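A short worksheet on the structure shown next.
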Amino acid sequence: MNTLKAEKRNMQTKAKKLRREGYVTGNVFGREIEGSIPVQMTQKEAEKFLKANGKGSQIMLDLDGEQMDVLVKEVDYDSMGSKVLEIDFQALVSGEMVHSVAEVVIHNQSKVVTGVVEVLLDEIESGVLQQQLEEVSYKALPSALVEKVIVDVGDLKVGETIKVKDLDIAKDKDVKLITDPEADVAGVAAVHNDVPETDE
């Protein structure tokens, strides 16, 4: 489990000032925490952390030397989407179900069978992969949290789709899906290309 170092934030210093000084702000909340704990971490640490983790990641938060088992609940970026501003965490409690999301990761996209066929001798039908879902929302105990869902599209043909109910997370008895099981995750849509006429 990855660890992120943070420290408790002095609320007398405004968030804008902290960000100018190279910090990312955030909050830790949970059932056993009264209100929330304002925290701060260096921009460098936060950006390094987010290269391998994101919303829905279960991590260890080192808060002034105290180890806390937490879930990354929200990650807020600036309007350009390039600089992280705030990361919020939920402290996990054994036996308590939490709402989280699992990132959808597409594998074998380059192997998608395009199913090239001639249609009425004047068109060629090929396929293009379309991803409909970026994440799957669910509830689970801390011990059953899922960070990523791998979706292998290598064997998909034109017109075929993969639904949420087809994923491993949907078959996990310890996970309660919130996203509609019938929702499409990814599919291969037909693309009709006109074939130039040739002189006989």
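The values are calculated or read from the model by the stated rules, or taken from the named source; none is laboratory data. This one's a predicted model, so the numbers in the text were calculated from it and none came from an experiment. So basically every Cβ, Gly included, is an ideal-geometry build from the backbone, and we count neighbours across all protein chains shown. All accessible areas refer to the heavy atoms of the entire protein, side chains included, with ligands and DNA or RNA removed. Shrake-Rupley method; radii C 1.70, N 1.55, O 1.52, S 1.80 Å.
State to the nearest 20 debye the size of the charge dipole of the stretch 1-100 about its Cα centre, where the only charges are +1 on K and R beta carbons and -1 on D and E beta carbons.
In debye, rounded to 20, the stretch 1-100 gives about 520.
Quick check: residue separation of Lys171 and Glu21 times 0.36 nm, minus the Cα distance between them. What number comes out in nm?
49.4 nm
I'd like to know which of Val188, Tyr77, Ile178 lies farthest towards the positive end of the charge dipole of the chain, counting +1 on Cβ of Lys and Arg and -1 on Cβ of Asp and Glu.
Tyr77
Which whole-number value in Å² is the accessible area per residue of the chain, probe 1.4 Å?
Ligands and nucleic acids excluded, the figure is 61 Å² per residue.
Quick one: what does P(r) look like for the chain with 5 Å bins over all Cα pairs, in whole %?
All Cα pairs, binned at 5 Å, distribute as 1, 7, 13, 14, 13, 12, 11, 8, 6, 5, 3, 3, 2, 1, 1, 0, 0 percent.
As a quick test, which of the pairs Lys48/Lys176; Lys51/Lys176; Lys139/Lys165 have an alpha carbon distance above 22 angstrom in this structure?
Lys48/Lys176; Lys51/Lys176
Going toward the positive end of the dipole of the chain, with +1 on Lys and Arg Cβ and -1 on Asp and Glu Cβ, which of Ser110, Ser57, Gly127 do you reach last?
The listed residue farthest towards the positive side: Ser57.
Normalized C-alpha radius of gyration of the stretch 122-186, against 2.2 N^0.38 Å?
Here the answer is 1.34, to two decimals.
Placing unit charges on C-beta atoms (Lys and Arg positive, Asp and Glu negative, everything else neutral), compute the dipole magnitude of the chain about its Cα centre in debye, rounded to 20.
I would put it at about 1640 debye.
Give me the percent of DSSP beta bridges within the chain that run antiparallel, rounded to the nearest 5.
75 percent
Between the alpha-carbon centers of the stretch 125-159 and the stretch 1-22, tell me the distance in whole angstrom.
After rounding, the separation between the Cα centres reads 34 Å.
How big is the charge dipole of the stretch 1-55 about its Cα centre, in debye rounded to the nearest 20, if each Lys and Arg gets +1 on its Cβ and each Asp and Glu gets -1 on its Cβ?
300 debye
At a 1.4 Å probe, what is the % contribution of carbon and sulfur to the accessible area of the chain?
47 percent
Please compute the modelled spin-label separation between Asn10 and Glu66, points set 7 Å along Cα→Cβ, answer in nm with one decimal.
1.9 nm
Would any residue of the stretch 36-79 have its amide N under 18 Å from a label point 7 Å out along Cα→Cβ of Ile178? List them or say none.
Output list for this probe position: 54-59, 70-76.
Under the rule of -39500 (n - 2.57) per DSSP H run of 4 or more residues, summed and divided by the residues of the chain, what mean residue ellipticity at 222 nm is obtained, to the nearest 500 deg cm²/dmol?
Theoretical 222 nm ellipticity from helices: -1500 deg cm²/dmol.
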